[in-house]
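Student: I have a structure here, written as structure tokens, and I will follow up with some questions on it.
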Amino acid sequence: MTLFDLIADLDSFDPELAIYAVKPWTGSSEAMVAEAPADPDGYGAKAAGYLMGVGEAVIWLEDLQDQAGRFIPVTEAVERLVGHVAGD
């Protein structure tokens, strides 16, 4: 599964889980959903490509849609989410 596919189907995942993706993060990065790390800022989580929690991503993307006042295509959502997490 790619990060694009995962974000396109984000609502189907348990919000208590976490998103992991192979870096550098792009829409085509291999991605998966698994249990959230105990320390999301720790070395192990960073090495595993921890992106963010599913529930956190859902809320962030809903806020993005509301702020934009329009539907955000998945390609743009992935790009903006990755930029947000990476601090761009």
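Student: Is it fair to say Gly53 is surrounded by 16 or more Cβ atoms within 10 Å (Cβ to Cβ), of a type outside the set (S, T, N, Q) and at pLDDT below 95?
Tutor: Details: surrounded by 16 or more Cβ atoms within 10 Å (Cβ to Cβ): yes; of a type outside the set (S, T, N, Q): yes; at pLDDT below 95: yes.
When the stated conditions are applied, Gly53 passes them.
Student: So, in segment 74-88, exactly how many residues are closer than 15 Å to Leu6 by Cβ and loosely packed, with under 14 Cβ neighbours inside 10 Å?
Tutor: Residues that pass the stated criteria total 1.
The values are calculated or read from the model by the stated rules, or taken from the named source; none is laboratory data. Keep in mind that what you see is a predicted model, and the values were worked out from it rather than measured. Reconstructed Cβ throughout: ideal geometry from the backbone, glycine too, with neighbour counts over all protein chains shown.
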